[in-house]
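The values are calculated or read from the model by the stated rules, or taken from the named source; none is laboratory data. Given the structure is predicted, the values throughout are model-derived calculations rather than measurements. Note that each Cβ is placed from the backbone with ideal geometry, even for glycine, and that neighbours are counted across all protein chains shown. To get the accessible areas, we keep the full protein, side chains included, count just its heavy atoms, and leave off ligands, DNA and RNA. Shrake-Rupley method; radii C 1.70, N 1.55, O 1.52, S 1.80 Å.
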Amino acid sequence: MSSTISSDDNEILWNQLTPHLDQAVAALSHTDRTAILLRFYEKKPLREVGERLGLSEEATKKRVSRAIESCATS
């Protein structure tokens, strides 16, 4: 079973979600926000995000996971 969403519907959905995503990301601490932006907006691997933040890859994975949880609950 496949779901079909037109590009117009997709654009409408993104236009509705964007302000909420922006608000959630803006509410994060500087380090969490940087981790999220590097990981998902710039599509950097966890290793590279960790290098930029001065963290191990495992610590970066945990930080990104907690930041996502924080965004989901705000």
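Considering region 44-74 alone, what residues qualify as being in a helix (DSSP H, G or I), open to solvent by less than 70 Å² (accessible area, probe 1.4 Å) and either of a type in the set (A, V, I, L, M, F, W, C) or in contact (Cβ under 8 Å) with a residue 60 or more places away in the chain (or both)? Once the filter is applied, which keeps residues that are in a helix (DSSP H, G or I), open to solvent by less than 70 Å² (accessible area, probe 1.4 Å) and either of a type in the set (A, V, I, L, M, F, W, C) or in contact (Cβ under 8 Å) with a residue 60 or more places away in the chain (or both), region 44-74 yields L46, V49, L53, A59, V64, A67, C71.
One line per residue, one yes/no per condition, for (1) charged (D, E, K, R); (2) under 14 Å from the mean Cα position of the chain (by Cα):
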residue	(1), (2)
D22	yes, yes
R39	yes, yes
K43	yes, yes
R47	yes, no
G50	no, no
E57	yes, no
T60	no, yes
R63	yes, yes
C71	no, yes
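Only one of L21, L38 is part of a helix (DSSP H, G or I) and either at pLDDT below 95 or open to solvent by 80 Å² or more (accessible area, probe 1.4 Å) (or both). Can you tell me which? Answer to the selection: L21. Within region 24-35, the set of residues being open to solvent by 30 Å² or more (accessible area, probe 1.4 Å) and part of a loop (DSSP other than H, G, I, E, B) comprises A27, S29. Looking only at region 7-18, residues that are among the hydroxyl-bearing types (S, T, Y) and either touching a His at 6+ places or on another chain (Cβ under 6 Å) or at pLDDT 90 or above (or both) come to 1 in all. For I12, the stated conditions do not hold, so it cannot be described as among the hydrophobic types (A, V, I, L, M, F, W, C) and open to solvent by 100 Å² or more (accessible area, probe 1.4 Å).
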